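Q: My questions all concern the structure below.
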Amino acid sequence: MPQNEQFASDNYSGICPEAWDHMAQANARDDSAYGDDAWTQKAADQLRERFECDCEVFFVFNGTAANSLSLAAMTQSFHSVICHEMAHVETDECGGPEYASNGSKLLTGTGPNGKLTAESVEELVTRRTDIHYPKPRAVTLTQATEVGTLYTVEELRSIREVADHHGLRVHMDGARFANAVAALDLQPADITWRAGVDVLCLSGTKNGMASGEAILFFNRALAEDFEWRCKQAGQLASKMRFISAPWCGLLENDVWLKNAAHANACAARLEAGLAGLKGVRLSFPRQANAVFVALPEQAQARLRAMGWHFYTFIGGTARFVCSWSTTPARVDALVADISKAMAD
Ligand SMILES: *Cc1c(COP(=O)(O)O)cnc(C)c1O
């Protein structure tokens, strides 16, 4: 693949310099295994400080495991988890949440722009209350969503209200949480525990690490015995310092938010570039680091023939994702090529 000829996903990007540098620092000497090392302690403390909360922190390899294991910690096998119909847990985790929980069923709700509404949650909880139906116990929200939109604080609070009413726990899939914080210009706490989120899965991978996600239990009671759950699932890294050290690289000087703000700005530049093209329209409002464009099939084929990599998403829309490594020059080159691809 030629240099940065891709807008496929933020996980196509490499390791950002700060994460790389901290990997090298951790590699300077031998150290204790299984998270019993200073890097892991430091990364967890930095997360607690940044989130202004004495939460329980765990590190795992990837997002599917983070979501699946944390949701399993919030439910029993006869419970159900409410999510948006486009949620990654429903569409892209191969039944991982159900598997990790020994069967907690996902119930899919709806809402415009990839956002679950409080009404939809209410409808799913009250539709059935009999013993033959899995009892709703948790709701999971993706921030930023799968279609690159953002839940506002008010929307999060309204979900929390329904959750309180029906005894649901609130989980957040934060694969692009940093992009949401940067775009909303709020504190991480404002859109998590202060808005009623019990557990957050926070991605390092999509932000600029090689691999590694943090799970933050703001509701500490839910973290009981969680380390055993991780170990049993094969998610306890023996050389955990190589996950936690790069986290320190991301957290020091708020590099994670700088990476996210850069990716968001590149997406905004792409949005602005496309606004000048005839016949091009966005399928969803651009609010974070992804731009969804309703491009005709032929134009998409032409773009691919020019060497661009991107996903065709729900309903045939082309998805362009920016990351820490995206450059404004590549954004401009993409806009120019989309313009060419759209010409008759
Ligand atoms: C990327 C992503 C994940 C994590 O996926 P893994 O490939 O398992 O790391 C989770 N949720 C969303 C919304 C994602 O985009």
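Q: Averaging sequence separations of C-alpha pairs under 8 Å and six or more residues apart, then dividing by the length of segment 78-147, give the relative contact order as a whole percent.
A: Rounded, it is 45 percent for segment 78-147.
Q: With the other protein chains left in place, how much accessible area per residue, in square angstrom, belongs to segment 17-254 at a 1.4 angstrom probe?
A: 42
Q: Under a 5 Å amide H to amide H cut-off, with H placed in plane at 1.01 Å, what residues pair with residue 138 once short-range neighbours are removed?
A: 80, 82, 169
Q: Taking amide H positions as placed in the peptide plane 1.01 Å from N, state which residues far from residue 35 in sequence (5 or more) or on other chains have amide H under 5 Å from it.
A: It is 240, 241, by chain and number.
Q: Percent relative contact order of the chain, based on C-alpha pairs within less than 8 angstrom and at least six residues apart?
A: 25
Q: Count the net charge of all other residues whose Cβ sits under 12 Å from the Cβ of residue 70, scoring Lys and Arg as +1 and Asp and Glu as -1.
A: Neighbour charge sum, excluding residue 70 itself: -2.
Q: Stick to the Cα atoms of segment 1-65, pair each with every other, and give me the Kirkwood hydrodynamic radius in Å at one decimal.
A: 14.7
Q: So what's the net charge close to residue 335: Lys and Arg +1, Asp and Glu -1, counting the other residues with Cβ under 15 Å from its Cβ?
A: Summing Lys/Arg as +1 and Asp/Glu as -1 gives +3.
Q: Net charge within 11 Å of residue 9 by Cβ-Cβ distance, Lys/Arg positive one each and Asp/Glu negative one each, not counting residue 9 itself?
A: Surrounding charge for residue 9 is +2.
Q: Could you compute how much accessible surface residue 45 exposes when probed at 1.4 Å, giving the result in Å² to the nearest 10?
A: Its accessible surface works out to 70 Å², give or take rounding.
Q: Which of rounded, prolate or oblate describes segment 120-182 when judged by the alpha-carbon gyration tensor and an a/c cut-off of 1.5?
A: Because a/c hits 1.5 or more and a/b exceeds b/c, segment 120-182 counts as prolate.
Q: Of 206/340; 105/135; 278/340; 42/239, which ones are farther than 19 Å apart at the Cα?
A: Long pairs (Cα-Cα over 19 Å): 206/340.
Q: In the chain, what percent of the accessible surface is made up of carbon and sulfur (1.4 Å probe, ligands and nucleic acids excluded)?
A: 49
Q: Can you run phi through the Karplus equation (6.51, -1.76, 1.60; θ = phi - 60°) for segment 99-110 and list ³J(HN,Hα) in whole Hz, with x for Gly and Pro?
A: 5, 5, 9, 6, x, 4, 7, 8, 10, 9, x, 9
Q: Quick one: Cα centre-to-centre distance for segment 202-236 and segment 130-160, in angstrom?
A: Comparing the Cα centres of segment 202-236 and segment 130-160, I get a distance of 20 Å.
Q: By Kyte-Doolittle mean hydropathy of at least -0.5 and Cα axial length of at least 27 Å, which whole DSSP H helices of the chain are selected?
A: Helices meeting the criterion: 255-275.
Q: Taking a cut-off of 39 Å, what percent of all Cα-Cα pairs in the chain are separated by more than that?
A: Summing the P(r) tail past 39 Å for the chain gives 14 percent.
Q: What shape does segment 163-300 take by its C-alpha gyration tensor, where a ≥ b ≥ c are the square roots of the eigenvalues and a/c under 1.5 counts as rounded, a/b above b/c as prolate, and the rest as oblate?
A: Since a/c reaches 1.5 and a/b is larger than b/c, the shape of segment 163-300 is classed as prolate.
Q: Here's a follow-up. Give me the distance in nm between label points sitting 7 Å out from Cα along the Cα-to-Cβ direction at residue 110 and residue 153, one decimal.
A: 3.1
Q: Which loop trypsin sites (Lys or Arg not before Pro) in segment 1-92, with loop taken from DSSP, have no more than 14 other Cβ atoms within 10 angstrom of their Cβ?
A: Those that pass, being in a loop and sparsely packed, are 29.
The values are calculated or read from the model by the stated rules, or taken from the named source; none is laboratory data. Please read these numbers as outputs of a predicted model, since none were measured by experiment. Virtual Cβ from ideal backbone geometry, glycine too; neighbours counted across all protein chains shown. The accessibility values were calculated without ligands, DNA or RNA, using every heavy atom of the protein model including side chains. Shrake-Rupley method; radii C 1.70, N 1.55, O 1.52, S 1.80 Å.
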